[in-house]
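Presented below is the structure to which this report refers.
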Amino acid sequence: MTATIEPTIIEERLPSAPARLSLAPTGSAPGLLDGAWWPRSRDLLREIPTLTDALDACWGRITHVTVNPTHWPVIPRKVPVTGHTVHVGWFAAEQDPNKVILLSYTVGRLDLLVIPPETDPAAAARLMAAATVSRGIRTASGLMADEAIGHDAMDAQSREEEWETDGGAAVGIFSSALMR
């Protein structure tokens with residue numbers, strides 16, 4: 001996927017729903033991820049203000065955000081947020097495509113799993129919980145791969161159960177034909 005770098009676009013912000021965010025508990029042992037974020041779209045200009053609004057008060061003013069352009073079609077250089085501007089950068093090879101890095105001059109760095117907007121709510125809940133595990137050693141892409149494997153296994157089990165229940169009547173007919 002090719003990312004388009006856009007100049008700063010200043011526009012009126014429409015009120016949006018609160019960020020879907022899950023952070024590791026304060027004081028927990030650090031892991032590879034500090035939590036998870038489930039944006040509602042792939043529009044960074046719309047999503048970053050919602051994310052910073054949720055984090056600025058409890059974590060410190062977010063000044064920079066970095067993403068991998070794999071899942072973000074347009075990457076603005078600057079995003080106006082409440083009270084300041086956030087600078088946005090991107091790293092194609094160096095950064096996990098399923099992670100966003102948030103930087104604050106006062107507090108440091110947060111690494112968040114980015115759950116795709118189209119993700120099923122049950123899967124998103126599992127991913128949010130997995131990303132906040134104390135001393136977590138799974139990368140963002142590792143968690144996404146684990147979820148995909150689990151989803152595929154559940155689909156296979158569901159298809160097998162459906163197949164087993166669909167064949168019930170035919171088995172009875174077949175068995176009685178053999179007894180004759």
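The values are calculated or read from the model by the stated rules, or taken from the named source; none is laboratory data. These numbers come from a predicted model, not from an experiment. Cβ coordinates were reconstructed from backbone atoms using ideal geometry, including for glycine residues, and neighbour counts include every protein chain displayed. To get the accessible areas, we keep the full protein, side chains included, count just its heavy atoms, and leave off ligands, DNA and RNA. Shrake-Rupley method; radii C 1.70, N 1.55, O 1.52, S 1.80 Å.
What's the total number of residues in the range 77-97 that are assigned to a loop (DSSP other than H, G, I, E, B) and open to solvent by less than 20 Å² (accessible area, probe 1.4 Å)? Don't jump to the end; show me each part of the working.
Taking the range 77-97 as the starting set, the residues that turn out to be assigned to a loop (DSSP other than H, G, I, E, B) are 77, 82-83, 91-97.
Retained after the next criterion (residues that are open to solvent by less than 20 Å² (accessible area, probe 1.4 Å)): 95.
Result for the range 77-97: 1.
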By residue number, the members of the range 25-46 that are under 19 Å from the mean Cα position of the chain (by Cα), over 22 Å from Tyr105 (Cβ atoms) and of a type outside the set (Ser, Thr, Tyr) are Pro25, Gly31, Leu32, Ala36, Trp38, Pro39, Arg40, Arg42, Asp43, Leu45, Arg46
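Let's see how each residue does on (1) open to solvent by 50 Å² or more (accessible area, probe 1.4 Å); (2) modelled with pLDDT of 85 or more; (3) more than 20 Å from Trp37 (Cα to Cα):
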site: Leu112; (1), (2), (3): no, yes, no
site: Arg135; (1), (2), (3): yes, no, no
site: Ile149; (1), (2), (3): yes, yes, yes
site: Ala153; (1), (2), (3): yes, no, yes
site: Glu161; (1), (2), (3): yes, no, yes
site: Phe174; (1), (2), (3): yes, no, yes
site: Arg180; (1), (2), (3): yes, no, yes
Of the residues Ala123, Ala57, which single one is without any contact (Cβ under 8 Å) to a residue 60 or more places away in the chain, under 30 Å from Ile149 (Cβ atoms) and assigned to a helix (DSSP H, G or I)?
-> Ala123
What number of residues in the range 5-62 are among the hydrophobic types (A, V, I, L, M, F, W, C) and either modelled with pLDDT of 95 or more or surrounded by 14 or more Cβ atoms within 10 Å (Cβ to Cβ) (or both)?
-> 17
